[in-house]
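Colleague: My questions all concern the structure below.
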Ligand SMILES: *Cc1c(COP(=O)(O)O)cnc(C)c1O
C-alpha cells in the first residue's frame, strides 16, 4: 500500500495533520462549539419548502453571484449598524463556511512569499489555511490573560509587517472579547489586509461589531458564520462584509458556482427567520454563565468569555479528564493549552450533565 510519504506532496504539507476534531456519536457532543438546540419546527418547514422549490431548478447551475442571498445577509448585518450606516449586497460575500471565505482571502491576498499573522492561542484552522495556500504563518503569543491591547498589536504588526492579519473576536479557544480600539489600532499599524473573524459575535451582543468600522477602511474585512449562533453548521454558510473591491478580488479565486442552489435557498430562508433562529442565544449565554459559576465554585480557573464556550484551567491532567468525560458520553475539546480544556455551553440538560461529570472527576480534575 502507498503511504503519504511516498507521494510527491508539496514540501510545506509534509508531516502536517488534517483538521481533526473527533466526530464520535456521543450523547453530549460539545466539542465544536455548535448551537445544540434544535431548530424551531416552523422554520424547518419553511426552509424545506424553499429547498423543494430550489430542487426544481437544479438542472441549471445556480446564480454564481448569489445576489438574493447577499442582499439578505446585508440586510441582516445592517440591523446591527447604528444610524444611517447600511450595507449593500455588493459589500457582502459568502462561501461554504467561513473557513472557505478565509481560504479565498488567503488565495487572493496571501500565497508564496506572503505572510499571515494572528495572536495565539487562536483558531486552529488559521495555520492550516496558511499551509494550504503556501502563505507563511506568524503566530504571536497573547499575554497571560489573552487580552489584546492596541500597543501589543501595533508593536507586533510593526515588527513583522505581515500581509494579512486575523483578529478573532470573541477568540476561539479562549473566549476573549475583542475591543474595537484594537481593530482600529491594527488597521493603522500596517498596510495589509485586516480580517476580523466574528464567528461568535452574536453571543457577545452587547459589543458593537467591527462592521461599524468598515466605512473608510477598504482593507478591513469582517467574517461571520451561520455555523454557531445560527444553529446552521450542517448547511455550511459563512460570509464576509468588506469594500466592494475586496469582493472583486475574491471573485478571482472562487470556483464557479461554489455555492449550491440548495445552500443558497436554505440560507436565504433561514435569514428570513433570523429572530427565531437566534432565539436560543440568550439561553446559551445563561448556560455558559451557569457553567462558569459552577466551575469557579469547584476551584477551576474560568477565563472571561464572550462566546458560547469557556476555556477552563486548573485540570491536573487535561488528557485524562477529557477521556473520563468521554467515557461518560461527553465530548469536549482538548486544544493542548497546558492545564486547560474548552467546554461548550449546550442546552440546560447537557450543561447540567457536564457540570455533574466535572464535579465527579476526582484526582484528574
Ligand atoms: C467555528 C469557527 C468558524 C466557522 O467555521 P465555518 O466554516 O463557518 O463552519 C470560523 N472561525 C472561528 C474562529 C470558528 O471558531
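Just so it is clear, none of the values below were taken in a lab; they were calculated from the coordinates. Quantities reported herein were computed from a predicted structural model and do not represent experimental measurements. Quick reminder, even Gly has a Cβ in these numbers, built from the backbone with ideal geometry, and neighbours come from all protein chains shown.
Colleague: Over all Cα pairs of segment 1-100, how is the pair count split among 10 Å bins, expressed in % and running from 0 up to the last occupied bin?
Modeller: 10, 20, 29, 26, 13, 2, 0
Colleague: Let me make sure I get this right: for segment 70-152, a, b and c are the square roots of the gyration tensor eigenvalues over alpha carbons, sorted descending. Under 1.5 in a/c it's rounded, otherwise prolate if a/b > b/c, else oblate. Which is it?
Modeller: Taking the square roots of the gyration eigenvalues as a ≥ b ≥ c, segment 70-152 is oblate.
Colleague: Using a basic spin-label model with each label point 7 Å from the Cα along Cα→Cβ, how many nm lie between residue 5 and residue 233?
Modeller: 3.4 nm
Colleague: While we're looking at this one, here's another question. How far is it, in nm, from the label point at residue 145 to the one at residue 46 when both lie 7 Å from their Cα along the line to the Cβ?
Modeller: Taking the two extended label points, one gets 4.3 nm.
Colleague: Right, another one. Calculate, in nm to one decimal, what residue 55 and residue 207 gain on full extension: separation in residues at 0.36 nm each, minus their alpha carbon distance.
Modeller: 50.8 nm
Colleague: Also, I was wondering about something else. How do 90-101, 149-160 rank on mean C-beta neighbours within 10 Å, highest first?
Modeller: 90-101, 149-160
Colleague: Kirkwood hydrodynamic radius (Cα pairs, Å) of the chain?
Modeller: 21.5 Å
Colleague: Which of the peptides 296-305, 180-189, 38-47 is most tightly packed, and how do the rest follow, going by the mean number of other Cβ atoms within 10 Å of each residue?
Modeller: 180-189, 296-305, 38-47
Colleague: Which of the three applies to segment 130-233, rounded, prolate or oblate, going by the alpha-carbon gyration tensor with a ≥ b ≥ c and a/c under 1.5 meaning rounded?
Modeller: It is rounded, given that a/c, with a ≥ b ≥ c, falls under 1.5.
Colleague: Dividing the Cα convex hull volume of segment 261-350 by residue count, how many Å³ per residue is that?
Modeller: Convex hull volume per residue, Cα atoms: 135 Å³.
Colleague: Is it possible to state the helix-based mean residue ellipticity at 222 nm for the chain, with each DSSP H run of 4+ residues giving -39500 (n - 2.57), the sum divided by total residues, to the nearest 500 deg cm²/dmol? What is it?
Modeller: Computed mean residue ellipticity for the chain: -11000 deg cm²/dmol.
Colleague: Next question, about the same structure. Pulled fully out, how much extra length does the chain show between residue 349 and residue 90, if you take 0.36 nm times their separation in residues and subtract their Cα-Cα distance?
Modeller: 89.0 nm
Colleague: Order these peptides, 169-178, 351-360, 262-271, by their mean beta-carbon neighbour count within 10 angstrom, highest first.
Modeller: 169-178, 262-271, 351-360
Colleague: Quick check on the chain: of the DSSP beta bridges with both residues there, what percent are antiparallel, nearest 5%?
Modeller: 45 percent
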